[in-house]
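> First the structure, then my questions, so here it is.
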Amino acid sequence: MDVTERLVGEIERAFAEVEERFQDPETLSDPRLLADTGRQHHRLSIARDLAKRYRQAKQQVADATEMLAVEEDAETRAFLQSELEQARDALPEIESEIRLAMLERDPEDAKDVIVEIRAGTGGEEAALFAADLYRMLTRYADRRGFKHQTLATDPSEAGGFKDITFSIAGDGAFSVFKWESGVHRVQRVPATETQGRIHTSTATVAVLPEAEEVEVVLDPKDLTIETIRGWGPGGQSVNTTDSAVRVTHAPTGLSVTCQDERSQLQNKDRALRILRARVYEIELAKAQSELDEARRSQIGTGARSEKIRTYNFPQGRVTDHRVKVSSHNLPAVLIGELDEFTDALQADDNRRKLETAAL
């Protein structure tokens, strides 16, 4: 039995097992186990469909070969030969898809995400660039059929963002947006520049898988919840009531402030969502050594030299430095046409995983 045959058998057995778990009362009574089982079922359904295509193609090869051995009619033989060649040609592609489907995947890929964008080097221009990135990513979310919601903002004087936090919801959101984590660099002439000089600024993006309440339980005894007066650009008050909420998590020292809603309850709920995602990321980093210091590696220090992508306005070019892919249609990228980069990064990741699996 070759490697693909064994893999197909494993897929069929695993799919049958996960379907049995869906009928198990223990699974149905445990929300976290049920969610995990659902994600496994979704992934294995795709692999099972590929396994079916593989078996059908193999059977087609066997049937055509058997019939060609006894068929004498020239027209029928030509038809059978065509069927045989089509099936043989299809097999390598199906086998490759099966190997990709069964690679060890990031268990967070199916999750919704919380995205944090912060202005880095460059002052007000960096804050304006942070706003550009926010519009770019939310428009990309719209194009991919995801929903997004702003959770917290700290606006700048000129209409940018010192930082902004928002959620993106939809099946596989993390698998799409995780590639945006890192330092983004912009090169352009700021509106405030009188001598036409090109400035370089940065903004950092952190993409966090959103934790479900069953995955991260925040003990109320560990939380300090304060109501404070909100602020706007330059620090001026923006709320007539003290509706802004700051939540501090004692075990980690993490603190989240939300002020965008007039309701304290809504601001508190948003702050808890962000806090839960940050705590979850810390737990992932502890559990998986390869994710140690994950958030720090995502956002770096914000220095100009640390970059994953450069947006060069004078040349109308966007370059992703991880896969050496460039787009010469910067306006399209800024309105959310990021598929070229996402596809290249995913393909590169798949290639690396296949190489590792083959060792």
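> Return only the number of the condition from (1) crowded, with 19+ Cβ neighbours inside 10 Å; (2) over 20 Å from the mean Cα position of the chain (by Cα) that Leu208 does not satisfy.
Just one mismatch for Leu208, condition (2).
> Sticking with this structure for a sec: Considering only residues that are of a type in the set (A, V, I, L, M) and in a loop (DSSP other than H, G, I, E, B), look in the stretch 87-117 and name the one that is farthest from the chain's Cα centre (by Cα).
Selected residue: Met102.
> Let me ask something additional. For the stretch 297-308, does any single residue satisfy the condition of being closer than 17 Å to Arg118 by Cα, modelled with pLDDT of 85 or more and either surrounded by fewer than 19 Cβ atoms within 10 Å (Cβ to Cβ) or in contact with a Gly (Cβ under 9 Å, 6 or more places away or on another chain) (or both)?
The answer is yes; a qualifying residue exists.
> On to the next question. I'd like the residue in the stretch 23-39 that is more than 20 Å from Lys111 (Cβ to Cβ), of a type outside the set (D, E, K, R) and assigned to a helix (DSSP H, G or I) and, out of all such residues, is modelled with the highest pLDDT.
Taking the candidates together, the pick is Pro25.
> Residues being modelled with pLDDT of 95 or more and surrounded by fewer than 18 Cβ atoms within 10 Å (Cβ to Cβ): count how many of those fall in the stretch 148-186.
Residues in the stretch 148-186 being modelled with pLDDT of 95 or more and surrounded by fewer than 18 Cβ atoms within 10 Å (Cβ to Cβ): 0 in total.
> Considering only the stretch 247-286, state which residues are under 16 Å from Asp163 (Cβ atoms) and in contact with a His (Cβ under 9 Å, 6 or more places away or on another chain).
Ser255, Val256, Leu275, Arg278
> Follow-up. Examine the stretch 109-119 for a residue that is farther than 30 Å from Phe22 by Cα, in the same structural domain as Asn329 (by TED's automatic domain parsing) and among the small types (Gly, Ala, Ser), and state whether such a residue exists.
Among the residues of the stretch 109-119, at least one is farther than 30 Å from Phe22 by Cα, in the same structural domain as Asn329 (by TED's automatic domain parsing) and among the small types (Gly, Ala, Ser), which makes the answer yes.
> If you don't mind, another one. Being farther than 30 Å from Ala206 by Cβ, part of a helix (DSSP H, G or I), of a type outside the set (Asp, Glu) and in contact with a helix residue (DSSP H, G or I) (Cβ under 9 Å, 6 or more places away or on another chain): is that true of Arg55 here?
Yes.
> Just to be sure, is Ile198 touching a strand residue (DSSP E or B) at 6+ places or on another chain (Cβ under 9 Å), without any contact (Cβ under 8 Å) to a residue 60 or more places away in the chain and either surrounded by fewer than 17 Cβ atoms within 10 Å (Cβ to Cβ) or not β-branched (Val, Ile, Thr) (or both)?
Answer is no for this residue.
> Given the conditions (1) part of a helix (DSSP H, G or I); (2) assigned by TED's automatic domain parsing to the domain that holds Val207; (3) touching a residue at least 60 places away in the same chain (Cβ under 8 Å); (4) not β-branched (Val, Ile, Thr), which single one is not true for Ala131?
(3)
> Moving to a separate point now. Just one of the numbered conditions (1) of a type in the set (Phe, Trp, Tyr); (2) within 29 Å of the chain's Cα centre (by Cα); (3) buried (at least 16 other Cβ atoms within 10 Å of the Cβ) is not true of Tyr54; which one?
Going through (1) of a type in the set (Phe, Trp, Tyr); (2) within 29 Å of the chain's Cα centre (by Cα); (3) buried (at least 16 other Cβ atoms within 10 Å of the Cβ) one by one, Tyr54 breaks only (2).
> Being more than 22 Å from Val256 (Cα to Cα) and in contact (Cβ under 8 Å) with a residue 60 or more places away in the chain is true for just one of Arg139, Arg118, Arg144. Which residue is that?
From the options Arg139, Arg118, Arg144, the qualifying one is Arg139.
> Let me ask another. Among (1) surrounded by 14 or more Cβ atoms within 10 Å (Cβ to Cβ); (2) part of a helix (DSSP H, G or I), there is one condition Glu71 misses while meeting the rest; what is its number?
Result: Glu71 fails condition (2) only.
> Could I ask something else about it? Failed condition for Ala203, given (1) farther than 15 Å from Ala119 by Cβ; (2) crowded, with 20+ Cβ neighbours inside 10 Å, with all others met?
(1) is the only condition that Ala203 fails.
The values are calculated or read from the model by the stated rules, or taken from the named source; none is laboratory data. Since the model is a prediction, treat every value here as computed from it, not as a measurement. All Cβ positions, glycine included, derive from the backbone under ideal geometry; neighbour counts span all protein chains shown.
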